[in-house]
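The structure under discussion appears below in the form of structure tokens.
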Amino acid sequence: MDLKKVKSNIVRQVKMGIVKGSEIDWSKVTFSDVKTDVHGRKMVYINAEGGGKVLIQTPKMYAPSGIKKWRKKDATDNKDDKFELELSFYGESGSDKNSREIAEFKKKCEAFDDLIKNKVIEKSREWLSMPKLDKTTLESVMYTPMVKIPKDKEGNELPYPHRIKAKIDREMDASGNFSGKFLSNKKFKTEVLIFDESKKHLQMNEDNAEDVVSKGCQVVSILELVYLSLSKTTISTKWKLVQAKIYRNRDTINQYAMLESDSEDDDLEKGVSKMTINQKAVIRPKNESEIVEASEDVEDAEDAEDAEDAEDAEDAEDVEDAEDVEDAEDVEELESDLDSIGNQPEPEPEPIPEPVVQSKAKGRTKRSVQVM
């Protein structure tokens, strides 16, 4: 990647007014007039003070699943793939600086949910053509909150920290195919920027995203509030990833780390050379059928998990690409995603268990947001 281009993009983001999530003042945001497309679907833009985009920087937060990739079970290509980053409020009860920031950020996110619900009730006639909307109906049936509570399939709350999700937008070329890149701004072709803790830029694309931002890492993120999506059955906001700084889990080994030994290789070669051809031919697992069955069981389990993931990816929160809604290609993509919206509330996935022990990292959230 061109470093000059990276730096200019960072400067542009700074000028847009990034605010620490634990310090944002929601009373200063403004709501645009409702916008309606040709199919009658509605959205509202939420602007920061002065009319710019709402950009927040999170504290260092635990990412249980890293970057998630959703693909339909029977998909034959990547057309419907979706990517997201889930951040946990794990550690909010701690006493260190970063834990206090996590706790304060959670309060701000919950306050944002309250702001949206109150605004929708206030504007129900104008935005939804509903003369009256009560809060109970809104909360229980229509609204998908920013702060998500882990629940099982029966809707019972699970004892895990709450979390938030950010979508990751994909680049589409002129032919309608996905290039493999992630964009934080489609109009300017600005890529999502990922850095390690030493501020080194990490190349990330659709093929390596799950390795670059792996399970169990910690992340400081810049998130953008894209829009509020409105219908009489589903109301949600879209947050997308703009930039992230990754702190890898040092207890995890995700690449080759064996200590080489010449003697091991020599012993192996000697052992094989003593075998007859017939002996080599009959070397196999004691019970091949058991191993094949075990392998199939693993695949079945993975397929079942993928099916659950795909259901989550098709909920109302997955309305995509309204940022550049006035551009023709973005309108088409938005319409495609909106077509998949169902009439049911978002199904909640079973969360990955939080780690029992986490090393305490010093809070490093700074006022400067050049590269986080």
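A short reminder: the numbers here are calculations on the coordinates, not readings from a lab. Please read these numbers as outputs of a predicted model, since none were measured by experiment. Cβ coordinates were reconstructed from backbone atoms using ideal geometry, including for glycine residues, and neighbour counts include every protein chain displayed.
Quick notes on this structure:
- Ordering HIS201, HIS39, HIS162 by the number of other Cβ atoms within 10 Å of each residue's own Cβ, fewest first, gives HIS39, HIS201, HIS162.
- Full-stretch length increase - VAL34, SER95 - with 0.36 nm per residue and alpha-carbon distance subtracted: 17.7 nm
- Theoretical gain in end-to-end length, GLU157 to ASN177 [0.36 nm per residue, Cα-Cα removed]: 3.2 nm
- Label-point separation, LYS232 to ASP80 (7 Å along Cα→Cβ), nm: 2.7 nm
- 3J(HN,Hα) along region 97-104: 4, 5, 4, 5, 5, 4, 4, 5 Hz, from the Karplus curve 6.51 cos²θ - 1.76 cosθ + 1.60 with θ = phi - 60°, whole Hz, x for Gly and Pro.
- Above-threshold pairs, the threshold being 21 Å between Cα atoms, out of LYS28/LYS119; LYS20/LYS53; LYS82/LYS106; LYS97/LYS119: LYS82/LYS106; LYS97/LYS119
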